[in-house]
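Chemist: Below you will find the structure I want to go over with you.
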Amino acid sequence: MKRVLSILLLILCCSLVAAQEARRPAFRWGLEWGYGVTAFKYWSVNYLDSSVGYRVWDENHAFQAKSTAFACICVGADVSRKANLSMQLGMMGIDKDREVIPVGIRFNYSFRGTDADGPMAFFGGGLGFPDHFTTAAVHYANIGGGYRIRLSSLWDIDFLATFRLCDDHPPVRDPESGEYVNESNIRKNVTAYCSLALGVAITL
């Protein structure tokens, strides 16, 4: 993945030099990546232990510091002089050893205009697909802000900070046997995460 990011950044830099005075497009695309930490986790699990024939309840929460990363492609359009609406697709970590493929939308507001240096704010959300689309999707929502630096008439670089909420239905492991519980025996399986992330986006 590092090699792919390096190639993409090289292409972006070469295009930046070649297009200093090009006309700003109506539709925009870009690459965003960054790192974060999942700071809070809540879970509520209820399943049938078939070996002993009774239900197991497990509900709790924990403050933690699980590092995560994300990378996505963004495609959208400036819907006004200060607002942009985009779709995102990529990879996103939501907890340790837990990644999803996010498909979402984001509304971005640039206080001095989308083509100018200055602060911005955004919110958005969507679905995240774990295990290569083979299990139930998660839901996520995020809100944040940042600062845009206009590199040329075409290119911008954004420095972003994001707060994200996410629900999940991860595999349930029995603490005594160490084995995963069969889905047919699970009556309730809800996990929620709160995360903070810092990122960088380069857009055309």
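The values are calculated or read from the model by the stated rules, or taken from the named source; none is laboratory data. Note that this is a predicted model, so its numbers are computed, not measured. Don't worry about glycine lacking a Cβ; one is built from the backbone with ideal geometry, like all the others, and counts go over all protein chains shown. Areas reflect the complete protein model, heavy atoms only, side chains present, ligands, DNA and RNA absent. Shrake-Rupley method; radii C 1.70, N 1.55, O 1.52, S 1.80 Å.
Chemist: Looking only at the range 25-47, count every residue that is closer than 21 Å to Thr114 by Cβ, open to solvent by 20 Å² or more (accessible area, probe 1.4 Å) and more than 16 Å from the chain's Cα centre (by Cα) and tell me the total.
Modeler: Let us first name the residues in the range 25-47 that are closer than 21 Å to Thr114 by Cβ, namely 25-34.
Those left that are additionally open to solvent by 20 Å² or more (accessible area, probe 1.4 Å): 25-27, 29, 33.
Retained after the next criterion (residues that are more than 16 Å from the chain's Cα centre (by Cα)): 25-27, 29.
Count: 4.
Chemist: Tell me yes or no: at least one residue of the range 126-138 is under 17 Å from Gly199 (Cα atoms), small (Gly, Ala, Ser) and touching a residue at least 24 places away in the same chain (Cβ under 8 Å).
Modeler: Kept after step one, since they are under 17 Å from Gly199 (Cα atoms), are these residues of the range 126-138: none.
No; the residues of the range 126-138 include none that is under 17 Å from Gly199 (Cα atoms), small (Gly, Ala, Ser) and touching a residue at least 24 places away in the same chain (Cβ under 8 Å).
Chemist: Got a number for residues in the range 192-204 being in contact with a Cys (Cβ under 9 Å, 6 or more places away or on another chain) and within 25 Å of Ala62 (Cβ to Cβ)?
Modeler: The total comes to 4.
Chemist: I'd like the full set of residues that are part of a strand (DSSP E or B) and either more than 22 Å from Gly36 (Cα to Cα) or β-branched (Val, Ile, Thr) (or both), limited to the range 69-95. Quick ask: steps written out before the conclusion?
Modeler: Of the residues in the range 69-95, the ones part of a strand (DSSP E or B) are 69-78, 83-95.
Ile73, Val75, Gly76, Ala77, Asp78, Ala83, Asn84, Leu85, Ile94 - these are the residues of the range 69-95 that are part of a strand (DSSP E or B) and either more than 22 Å from Gly36 (Cα to Cα) or β-branched (Val, Ile, Thr) (or both).
Chemist: On to the next question. From Leu31, Leu89, Leu85, Leu12, which residue is modelled with pLDDT under 90 and not β-branched (Val, Ile, Thr)? Lay out the reasoning, then the answer.
Modeler: Values: Leu31 fails: modelled with pLDDT under 90; Leu89 fails: modelled with pLDDT under 90; Leu85 fails: modelled with pLDDT under 90.
Leu12 is the lone residue from the list that is modelled with pLDDT under 90 and not β-branched (Val, Ile, Thr).
Chemist: Right, Gly53: among the small types (Gly, Ala, Ser), open to solvent by less than 90 Å² (accessible area, probe 1.4 Å) and farther than 19 Å from Ile186 by Cα or not? Before you say what the answer is, go through the steps one by one.
Modeler: Details: among the small types (Gly, Ala, Ser): yes; open to solvent by less than 90 Å² (accessible area, probe 1.4 Å): yes; farther than 19 Å from Ile186 by Cα: no.
Answer is no for this residue.
Chemist: Considering each residue of the range 71-99, count those that are more than 21 Å from Ile149 (Cβ to Cβ) and open to solvent by less than 40 Å² (accessible area, probe 1.4 Å), and give that number.
Modeler: 6
Chemist: What are the residues in the range 51-95 that are among the β-branched types (Val, Ile, Thr) and more than 22 Å from the chain's Cα centre (by Cα), if any?
Modeler: Initial filter on the range 51-95 (among the β-branched types (Val, Ile, Thr)): 52, 56, 68, 73, 75, 79, 94.
Val52, Val56, Val79, listed by residue number.
Chemist: Can you confirm whether Glu32 is under 23 Å from Asp174 (Cβ atoms), of a type in the set (D, E, K, R) and either without any contact (Cβ under 8 Å) to a residue 24 or more places away in the chain or in a strand (DSSP E or B) (or both)? Walk me through it before giving the result.
Modeler: Details: under 23 Å from Asp174 (Cβ atoms): no; of a type in the set (D, E, K, R): yes; either without any contact (Cβ under 8 Å) to a residue 24 or more places away in the chain or in a strand (DSSP E or B) (or both): yes.
No; evaluated as a whole, the condition is false for this residue.
Chemist: Next question. Given the criteria touching a His at 6+ places or on another chain (Cβ under 8 Å) and assigned to a strand (DSSP E or B), does Trp43 qualify?
Modeler: Numbers: touching a His at 6+ places or on another chain (Cβ under 8 Å): yes; assigned to a strand (DSSP E or B): yes.
So Trp43 fits the description; yes.
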